[in-house]
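J.: One structure follows; several queries about it will come next.
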């Protein structure tokens, strides 16, 4: 496909090796006429594919990742630490509030503020490790995941 056709920006593990770009080749010259991002983060592209002997329609659907999905994974990990008794409800809630704020800021299109919320989360987890509320083995994966998300938001 040429131009926008066949190119979709995806934040997924499978697209990471190509910088987040996915190319769909329908053969011949092709073009996108319409592009939609669905509520679930998936991307649908519709257009035409010019083949020898005629024109066909072209339709591609890409499985995307919503920006908040990696944060949802951290939320699950914090909830597991509370459920197992490693953190009490107050400690867990202090972390969860920061993650929920990050999601709210992402949903409103403010990645910079979301990154700041995640940095506050990292600082709190670091404090929990220093206070022996979490071991390094329990806290470092939370820090690493949050740092990875922050890096995506602040990448220039």
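J.: Out of 129, 150, which single residue is surrounded by 12 or more Cβ atoms within 10 Å (Cβ to Cβ), over 16 Å from the mean Cα position of the chain (by Cα), assigned to a helix (DSSP H, G or I) and in the same structural domain as residue 82 (by TED's automatic domain parsing)?
T.: The match here is 129.
J.: If residue 132 satisfies all but one of (1) in contact with a helix residue (DSSP H, G or I) (Cβ under 9 Å, 6 or more places away or on another chain); (2) modelled with pLDDT of 95 or more, what's the number of the condition it fails?
T.: (1)
J.: Only one of (1) over 30 Å from residue 27 (Cβ atoms); (2) at pLDDT below 95 is not met by residue 95, so which one is it?
T.: (2) is the only condition that residue 95 fails.
J.: Looking only at the range 94-116, decide whether some residue is in a helix (DSSP H, G or I) and farther than 15 Å from residue 68 by Cα.
T.: Within the range 94-116, one or more residues are in a helix (DSSP H, G or I) and farther than 15 Å from residue 68 by Cα.
J.: I'm checking my understanding of the structure. Among residues of the range 47-72 that are outside any strand (DSSP E or B) and without any contact (Cβ under 8 Å) to a residue 40 or more places away in the chain, which one is nearest to residue 108 (Cα to Cα)?
T.: Looking at the filtered set, the residue picked out is 68.
J.: Still on this structure, I have one more. Taking the range 46-64, which residues are closer than 23 Å to residue 152 by Cβ and surrounded by 15 or more Cβ atoms within 10 Å (Cβ to Cβ)? Full working, then the answer.
T.: So the first thing to find is which residues in the range 46-64 are closer than 23 Å to residue 152 by Cβ, and the list is 62-64.
Of everything in the range 46-64, those that are closer than 23 Å to residue 152 by Cβ and surrounded by 15 or more Cβ atoms within 10 Å (Cβ to Cβ) turn out to be 62, 64.
J.: Within the range 73-93, track down each residue that is surrounded by fewer than 17 Cβ atoms within 10 Å (Cβ to Cβ) and touching a residue at least 40 places away in the same chain (Cβ under 8 Å).
T.: 73, 77
J.: In the range 73-93, what residues are assigned to a helix (DSSP H, G or I) and in contact with a helix residue (DSSP H, G or I) (Cβ under 8 Å, 6 or more places away or on another chain)?
T.: 73, 74, 75, 77, 78, 79, 81, 82, 89, 91, 92
J.: Looking at 37, 103, which is the one that is touching a residue at least 12 places away in the same chain (Cβ under 8 Å) and under 14 Å from the mean Cα position of the chain (by Cα)?
T.: Of the residues listed, the single one that is touching a residue at least 12 places away in the same chain (Cβ under 8 Å) and under 14 Å from the mean Cα position of the chain (by Cα) is 103.
J.: Residue 120 is checked against (1) in contact with a helix residue (DSSP H, G or I) (Cβ under 6 Å, 6 or more places away or on another chain); (2) closer than 20 Å to residue 84 by Cα and fails just one. What number does that condition carry?
T.: Just one mismatch for residue 120, condition (2).
The values are calculated or read from the model by the stated rules, or taken from the named source; none is laboratory data. Since the structure is predicted, the reported quantities are computational estimates derived from the model, not experimental observations. Cβ: placed from backbone, ideal geometry, glycine included. Neighbour counts: every protein chain shown.
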